[in-house]
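The values are calculated or read from the model by the stated rules, or taken from the named source; none is laboratory data. Keep in mind it's a predicted model, so treat the numbers as computed, not measured. Positions of Cβ are backbone-derived with ideal geometry, glycine not excepted, and every protein chain shown enters the neighbour counts.
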Amino acid sequence: MGGALKNVIALAAGIVDGLGFGFNTRAALITRGLAEITRLGLALGAEPLTFAGLAGLGDLILTATGTLSRNHTLGVELGKGKTLAEALAGKQSVAEGVGTARTAVALGERHHVDLPIARQVAAILFEGKTARQAISDLMEREPKPEQWR
């Protein structure tokens, strides 16, 4: 679960970077992304501490910040205003978060788990929503507790 969903959060982190936001914004997004991953994992029967280790937080940090991350790199292009088709044109590599975003949203709906970041990433990828509007919609959400339960 962590290995798949971290790719969606990495796309979002790249989008934030492509929009020109700073490290604090990216760190907040990654932190909330970890909570999102954990909530869905718990709904599917995972142990919460699993996501605090290398298979969760460790992999998430690398993928969401690394310059060699395909998902982060694609997110940067989306944040700079490219469409998914434009950002993928001519690339041979696969950014797994693209397909996973849609699947994560469907899983969240099926298990009644709120996945706002995954939802906004899917809207950018598949519904033509602008990156700036998606980030604005995330920032304007009513604050909620970040506990996993």
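One table, with the values for the structure above:
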item: Looking only at segment 95-129, and only at residues there that are surrounded by 13 or more Cβ atoms within 10 Å (Cβ to Cβ) and not in a helix (DSSP H, G or I), the one that is nearest to the chain's Cα centre (by Cα); result: Leu115
item: Restricting segment 58-79 to residues that are surrounded by fewer than 16 Cβ atoms within 10 Å (Cβ to Cβ) and touching a helix residue (DSSP H, G or I) at 6+ places or on another chain (Cβ under 8 Å), the residue that is nearest to Ile30 (Cα to Cα); result: Gly66
item: Scope segment 58-72; condition more than 15 Å from Phe23 (Cβ to Cβ) and out of contact with any Lys or Arg (no Cβ under 9 Å at 6 or more places or on another chain); matching residues; result: Gly58, Leu68, Ser69
item: Hits in segment 1-57 (condition: surrounded by fewer than 23 Cβ atoms within 10 Å (Cβ to Cβ) and among the charged types (D, E, K, R)); result: Asp17, Arg26, Arg32, Arg39, Glu47
item: Restricting segment 84-108 to residues that are among the polar types (S, T, N, Q) and at pLDDT below 95, the residue that is nearest to Ile135 (Cα to Cα); result: Ser93
